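Data block below; observations after.
The values are calculated or read from the model by the stated rules, or taken from the named source; none is laboratory data. As the structure is a computational prediction, the values presented were derived from the model and not from experiment. So basically every Cβ, Gly included, is an ideal-geometry build from the backbone, and we count neighbours across all protein chains shown. To get the accessible areas, we keep the full protein, side chains included, count just its heavy atoms, and leave off ligands, DNA and RNA. Shrake-Rupley method; radii C 1.70, N 1.55, O 1.52, S 1.80 Å.
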Amino acid sequence: MNGVNQNQLKVSPGAVEITIGRITLEKISTWFASLNVMAIVAFFASVLSGFFWIYFSSRGYNLTYNDAMSHLDIARRVVEGVKPGLAQLGSVWLPLPHILMLPTIWNDFFWHSGLSGGIPSMISYVLACIFTYKSIRLLGGTEFGALIGTAVVALNTNFLYLQTTALTEPLFLGTFILATYYLIRWAKTQDILSLVIAAFFILLTGLTRYDGWFLLVFALFAVFLSTYFKNGWKKAEGTTVLFGTLASLGVIVWFVWNLVIFGNPLYFATSEFSAGAQQERMYAAGVLLTKGDILFSLKTYFFSMIDNIGVYIFFFGLIGWVYFMVKNKNIYLRAAGAVLLAPMVFNILSLYLGQSALFLPETMGNSWFNVRYGIVVLPWAAICIGFLVSTRNLLVKILIPAIILLEIGLSFSSHYSITIVDGLVGASQKNVTLIGSEINQYAGKDNGLILASVASHDAILFSSGLPMRRFIHEGTGKLWMDSLQNPDQYAQYIIMRSGDGSDSVSRAMMKLESFPIKYRMVYKGDFADFYERISFPPQQ
Amino acid sequence: MPFELSPERGRYALTLAIAEDKTFQLKDEIARMALPDLGYYKGNFFSIFPPGISILVLPFYLLGKMINFAQLAVFSVPAIFAVLNSILIFLILKKFEVRSSYAFIASLIFSFATTSWSYAVTLYQHHITTFLILSGFYYVLRFQKYRKLYWIWGLLVWLNYAVGLVIDSPNGLLLLPIMIYFLTSSFEIKIISTQLNIKLKTVIVYTIIPFLVIGFLYGYYNYSYFGDWFKIRKNLIKVTDIKDGNIISNEDTSVTPQKYVLGLFDAKNIPNGLYTLLVSNERGLFYYSPIMALALLGVISAYKKRVRETIILVSLISLNIFLYSAFGDPWGGWAFGPRYLIPSMAILSIFLGFAYHSIRSFWFRLISFPFIIYSVAVALLGALTTSQIPPRVEAIPLGIDYTYIRNLKFLESGQTGSFAYNYFFKNYLSLAQYWLVIFISIVILMSIFLFVAPYLERRKLYEWSKPKST
């Protein structure tokens, strides 16, 4: 028994020798086994999330995107405004991100700091890290492989930034990874509950971004085909119906919502405020070069992906995906692997069909717009890399993580995040701070109503810091319609882009002969002008 | 051609300053010679390059000066290192028990089928850095044997690392895999009955002396001239011209720049850098030397034979590519081919040797032959004519070519800096004919080692292995 736990340290001129006895080795091994790695992942993800929220919000970066400010305003209008209510959730943007802000958006600090939108994003980030780790482990990946894959997600500088904002991408990533995890679980165990939970999370993705609708269709096909080839028609039919019914509920609800509130189930797609309409205007202006050009769409999205997740990470993810699909003979797992590609396929198709616009320096010269769209392939890359690195091949195990960590390290050391660049200097931002503070100065002294189109100037409304009840906008129903006809009866102030008819208020004012008589411009801004009623009629 | 590009002039200028003025500061005409790779600090001019190469060639300069061939003597140094690199490739492959014919063909490919050839006749750091990498790897291979006086190999490893830092700043990172290889070779991990035994040979610590000495001297040089032990050349104000005693710079000359080594590399450069260095027609490794693509096959067979060494060699290539893809100037300024990847070319040549050895099929060698021919043709163009190929973004406004088409035009017009051609052959052959003669000679040499030598070697081995009849 004497020799079994002899820990020794021997120092001689030629060597330093350490001997670790069996019992000590067993203790170390037990300690490692007892570590709750998932809890550690959750802890570090939470710390990173909180740290970067403080870092970016102290610099105002979490509010640079126009869309982020708009999302916050939409949620705010539900609880506060001339006509508060759920109808303020609107049409074009899917409702889940705004619904998740409702518990906190009523508070001015949470609203104006952006924390109301940041909280769901940050929770999504932490969940994304945890479930990336769990997904890789579930696929048979080693602890090391799972940690590398998790690092790809957790240390992505673009994700770290986006999770501090009120944008919808972090929530989509979180729900997508959750859906993927449960799909993998179903694929491995054929457990129906896992399939139902997967369907639930796909439902949530469908209420977050339209990428989720494509994911739904993709997943439906994957579930159907894999079950059909394995178990035949009857089982495939039943499984798909079960999965599809729940997963598509969000889409159905959205159609019904549009029908009930706006009188047209396709209002979100056909209205003048829709993405499609916006893209049509861009196409007419000759800047939507991806429409109808599949090669250019592929090239554009390729650069978006590598700018968001890193070029080495992208290529290792691709190798990992091929390895995954070849190595796994389980058709259900292959189906789950195919589903990981859904966001990539969706975005390329969207660009090709002209349903979205994406500008990058690599394809459009010095311009940035919607560059963040490439971040949605992060789960695909992370899971595939985690699986690849779990191989026994030492060359792969050592080299790939080393290069990935070098790339991540370099992103940090060079402070590089293309989504921040877009938010600071790209077309996804407008520096409306100046006009916002001017409006606050003029209109902050009284309670007069301000007529403005939120479709065009929501960021200005946000920047002004004034409460929503001060604004007459598209969501205020009859008041809005009446104000466009007789603004002087209702609005003491007007925000609009003068002269070019690019927003609905300016188009309406251009038709009113009395407008120049009743209103004077008090501030001319880069993106809009601010008007004050010359003499306001007495309240009736 | 000698001195056609500023990095050569800058290093030669520093050698002149050390030899003639006994100082590291560049004065008057010597400073002008180094433009635009000239740095300025507190009223004095310095080369922006680390002084290692200039010091290394100094003895050659002094010897050559005695016979009025100083410049030739200095420019022979990279050629010497180029030859040494070829020898090292052969030796390393022999250590891995690769057949001599394949080891030799790998050396020949590095020497004549890659754009490293152009830099064997120019005063750049690439062949010296490659030598430090290959020799460092070789020293560790020898060190691992733990034979008598094995500690000398350890001394040489540390010496290499120290010299690498003085030659070029990124070498501190580029040589890191060698140091990791050295460290892991100094460890022994065994499981004896139920106990884990970890042994670290302290020779890795004792042999650090050369590193400390050279490191101290280099730090002292930085401290003496720049007031900081760790100052890098990039922290000098870069001078673009000197007019009437005034320096012209794109930087604010009233402020000392504060840059750090990592700041030279940026993640946003990686996509363009990778494309430029690997596949572009401006500098692409596989565009200029497509034979290198076949080396990837050798990685698989090398891994089966020597796991740790393969990981180290692949790490060296990966780090080389990673660093310079993140560098703001992957083109290397006006250059021929991907000069920053010369170390990778040497290592890929090693893997090529493995590929030939493990595949051994006549058809594989036959398929690789056109790749070799093309690569030799392009490499010879560069070596014979010019390394002054601008990046595309500079070439287009100037209306000149940015690929080896420019070299072809030089060939057609007979422009070359080749001493041998200008001195011996100019009156008898056109430059194009001279190119053709060299090209055919190399192709014949390659064919012999690719097709004939393996056959002879196999026969010899077969006869050796036959039992001798009594």
> Of the residues that sit in region B:418-430 and are under 27 Å from the mean Cα position of the chain (by Cα) and not in a loop (DSSP other than H, G, I, E, B), which one is farthest from B:W117 (Cα to Cα)?
Replying inline: B:N422
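To keep it simple, each residue is scored yes or no on (1) out of contact with any Phe, Trp or Tyr (no Cβ under 7 Å at 6 or more places or on another chain); (2) without any contact (Cβ under 8 Å) to a residue 24 or more places away in the chain.
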{"residue": "B:W153", "(1), (2)": "no, yes"}
{"residue": "B:I167", "(1), (2)": "yes, no"}
{"residue": "B:L175", "(1), (2)": "no, no"}
{"residue": "B:I180", "(1), (2)": "yes, no"}
> Which of the residues spanning region B:200-219 are in a loop (DSSP other than H, G, I, E, B) and within 12 Å of chain A (Cβ to nearest Cβ)?
Replying inline: B:T202
>> Going by what's in this entry, would A:F471 be described as open to solvent by less than 20 Å² (accessible area, probe 1.4 Å), touching a Phe, Trp or Tyr at 6+ places or on another chain (Cβ under 7 Å) and of a type in the set (F, W, Y)?
In response: no
> Hey, A:S367 hits all of (1) at pLDDT below 90; (2) within 14 Å of chain B (Cβ to nearest Cβ); (3) in a loop (DSSP other than H, G, I, E, B) but one; which does it fall short on?
Replying inline: (2)
> Residues in region A:309-327: is at least one open to solvent by 10 Å² or more (accessible area, probe 1.4 Å), among the basic types (K, R) and more than 20 Å from A:T150 (Cα to Cα)?
Replying inline: yes
>> Can you report the number of residues in region A:499-517 which are more than 31 Å from the chain's Cα centre (by Cα) and surrounded by 18 or more Cβ atoms within 10 Å (Cβ to Cβ)?
In response: 3
> Inside region A:156-172, can you point out the residues that are assigned to a helix (DSSP H, G or I) and hydrophobic (A, V, I, L, M, F, W, C)?
Replying inline: A:F159, A:L160, A:L162, A:L171, A:F172
> Restricting attention to region A:307-352, and to residues there that are closer than 21 Å to A:E407 by Cβ and out of contact with any helix residue (DSSP H, G or I) (no Cβ under 8 Å at 6 or more places or on another chain), which single residue is nearest to the other protein chains (Cβ to nearest Cβ)?
Replying inline: A:F315
> Among all residue pairs at least 6 apart or on different chains, which show Cβ distances below 6 Å where the first residue, located in region B:398-425, is touching a residue at least 40 places away in the same chain (Cβ under 8 Å) and the second is open to solvent by 40 Å² or more (accessible area, probe 1.4 Å) and in a helix (DSSP H, G or I)?
Replying inline: B:Y402/B:R392
> Given the residues B:S368, B:S375, B:S358, which is the only one that is open to solvent by 30 Å² or more (accessible area, probe 1.4 Å), among the small types (G, A, S) and in contact (Cβ under 8 Å) with a residue 40 or more places away in the chain?
Replying inline: B:S358
>> Residues that are among the polar types (S, T, N, Q) and either in contact (Cβ under 8 Å) with a residue 40 or more places away in the chain or under 24 Å from A:A222 (Cα atoms) (or both): list the helices (runs of 4 or more DSSP H) wholly contained in region A:258-341 that include at least 1 such residues.
In response: A:275-284, A:294-309
>> I'd like the full set of residues that are buried (at least 20 other Cβ atoms within 10 Å of the Cβ) and within 14 Å of another protein chain (Cβ to nearest Cβ), limited to region B:319-343.
In response: B:L319, B:N320, B:I321, B:F322, B:Y324, B:S325, B:A326, B:P330
> Which residues, counting only those in region B:177-212, are of a type in the set (A, V, I, L, M, F, W, C), farther than 26 Å from B:V314 by Cβ and either open to solvent by 50 Å² or more (accessible area, probe 1.4 Å) or in contact with a Cys (Cβ under 9 Å, 6 or more places away or on another chain) (or both)?
Replying inline: B:I191, B:I192, B:V205, B:I209, B:L212
> Name the residues in region B:148-172 that are open to solvent by 60 Å² or more (accessible area, probe 1.4 Å) and within 12 Å of chain A (Cβ to nearest Cβ), would you?
Replying inline: B:W151
> Which residue, of A:A455, A:A402, is without any contact (Cβ under 8 Å) to a residue 60 or more places away in the chain and open to solvent by 20 Å² or more (accessible area, probe 1.4 Å)?
Replying inline: A:A402
> Residues that are within 14 Å of another protein chain (Cβ to nearest Cβ): which helices (runs of 4 or more DSSP H) entirely in region A:1-109 hold 1 or more of them?
Replying inline: A:22-34
> Before we move on, is A:I148 open to solvent by 10 Å² or more (accessible area, probe 1.4 Å), β-branched (V, I, T) and in a helix (DSSP H, G or I)?
Replying inline: yes
> Out of region A:406-435, which residues are crowded, with 22+ Cβ neighbours inside 10 Å, in a helix (DSSP H, G or I) and away from chain B (no Cβ under 14 Å)?
Replying inline: A:G423, A:I435
> Just one of the numbered conditions (1) in a helix (DSSP H, G or I); (2) at pLDDT below 95 is not true of A:P401; which one?
Replying inline: (2)
>> For the condition more than 14 Å from chain A (Cβ to nearest Cβ), modelled with pLDDT of 95 or more and open to solvent by 20 Å² or more (accessible area, probe 1.4 Å), what is the one hit in B:F230, B:F286?
In response: B:F286
